[in-house]
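Scroll down for the structure; my scribbles are underneath it.
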Amino acid sequence: MKRTLGTRGEQEARRLAAGQLLLAGMKNIEVVRALKVAPSSVGRWKAIVRRHGLEGLRTKSSTGRPCKLSKARMKTLTRILLKGAQAAGFSSDLWTGKRVAQVIRRNFKVDYHPHHVLKLLRQLALTPQKPQRRARQQDPDALERWRSVEWPRIKKGQPVGASR
């Protein structure tokens, strides 16, 4: 029989329904027919109910690999990052994945891949920031004047020599 699809919640509901039917005294084959599931699944669920009750059929959360840094170390890392990259000994105040990985290695003796550091930063509610790119010689007043006066004039198609 083909594996029954569904969300984790739907699969859990199916297992719990099977468990309740088994506890009510239904035979395995009757549960198979009622829920349209594989006989091997019903046998496995019956063994779980026998050992752990209906709670044994509940979905378990998959936590994944535990974090290499404790909560206290994560707080320390946050404080270091909020002080800025220059305070941590870098030439500019831009944090990169590679730099954060270096700080973690230097302070906590733990290795993280620079790409994985982004996941770690999300856990700390820190978002990656990109520096604004602009010419050093740029005049902000001239730029604003161009945006507010020249660009609307150009967009409307007024002749170059015409004034407002």
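Values in this text are rule-based calculations from the coordinates and carry no lab data. Keep in mind that what you see is a predicted model, and the values were worked out from it rather than measured. All Cβ positions, glycine included, derive from the backbone under ideal geometry; neighbour counts span all protein chains shown.
At a glance:
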| item | result |
| --- | --- |
| Cβ-placed point charges (K, R +1; D, E -1), dipole of the range 1-112 about Cα centre in debye, nearest 20 | 300 debye |
| Integer Hz, Karplus 6.51/-1.76/1.60 couplings in order for the range 47-60, x for Gly and Pro | 5, 5, 4, 4, 7, 10, x, 4, 4, x, 8, 6, 5, 9 |
| Listed residues Asn107, Gly64, Gly89: farthest to the positive end of the dipole of the range 60-109 (Cβ charges) | Gly64 |
| Separation between Cα centres of the range 55-100 and the range 103-148, rounded to whole Å | 16 Å |
| Computed lengthening from Arg106 to Ala87, 0.36 nm per intervening residue step minus Cα-Cα distance | 5.4 nm |
| Residue exposure sequence - Thr7, Thr78, Thr63 - by fewest surrounding Cβ within 10 Å | Thr63, Thr7, Thr78 |
| Which label in (i) 31.8, 101; (ii) 16.8, 54; (iii) 30.7, 94 gives the computed Rg and Dmax of the Cα atoms in Å | (iii) |
| Relative contact order (percent, whole number), the chain, Cα cutoff 8 Å, 6+ residue spacing | 12 percent |
| Sum of -39500 (n - 2.57) over DSSP H runs of 4+, divided by residues of the chain (222 nm, nearest 500) | -15500 deg cm²/dmol |
| Given charges at beta-carbon only (K, R positive; D, E negative), |dipole| of the range 8-57 in Debye | 160 debye |
| Contour excess over end-to-end distance, with Cα ends at His52 and Lys27 and 0.36 nm allotted per residue | 7.1 nm |
| Derived scalar couplings ³J(HN,Hα) [the range 9-25; Karplus, 6.51 cos²θ - 1.76 cosθ + 1.60; whole Hz; x for Gly, Pro] | x, 5, 5, 5, 4, 5, 5, 5, 4, 4, x, 5, 5, 5, 5, 6, x |
| Two-site label geometry, Arg136 and Ala72: point separation in nm, points 7 Å out along Cα→Cβ | 4.5 nm |
| 29 Å Cα-Cα threshold exceeded, pairs from Lys75/Lys98; Lys46/Lys119; Lys83/Lys119 | Lys46/Lys119 |
| For the range 30-45, Karplus couplings with θ = phi - 60° (6.51, -1.76, 1.60), whole Hz, Gly/Pro x | 5, 5, 4, 5, 5, 9, 6, 10, 6, x, 5, 5, 4, x, 5, 5 |
